[in-house]
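Asker: The structure is given below, and queries will be raised subsequently.
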Amino acid sequence: MTKNDDMFLTELFAEARDADLQVPQHLMARVLIDADEQIAATAKAAQKPQQGLWSLLMTAIGGWPAVGGLAMAGVAGIWVGYAPPTGIPDIANNVWGDAMTVTVLDVSTDYEDFFYAE
């Protein structure tokens, strides 16, 4: 910016500070009427009964269509877990291998000697 631009801006700001701006009465009346209507609408909305936990949960999930989908997915999961298709156990054995038992602590059957030693 040049010096002339700075002076021009300084003069504009000084003129804006010195101006005596008045809001027209009809505009102020309309603003106040609108404010009263907004306050009344907010008070009416605050008087609504609050939703219960289940209705909030249903809203968060997505309503009855989403609950139906979740129920169907749950039933399908139980079905596949109870009666898996024939290929699934073979795939599981190939991925994880056969079941193996590892003895971590050898507990003998003579534990009476340990507890009742004289």
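Where a number appears in this text, it was derived from the coordinates with a stated rule and is not lab data. Here the structure is a predicted model, which means the values were calculated and not measured. Here Cβ is always computed from backbone atoms with ideal geometry, including for glycine, and neighbour counts include all displayed protein chains.
Asker: Given points 7 Å out from each Cα along the Cα-Cβ axis, report the Q50 to L70 separation in nanometres with one decimal.
Answerer: 2.2 nm
Asker: How much length, in nm to one decimal, is gained on full extension between I78 and T10, taken as 0.36 nm per residue of separation minus their Cα-Cα distance?
Answerer: Full extension from I78 to T10 adds 16.8 nm.
Asker: With the crude spin-label approximation of a point 7 Å out along Cα→Cβ, what separation in nm comes out for Q22 versus D90?
Answerer: 9.5 nm
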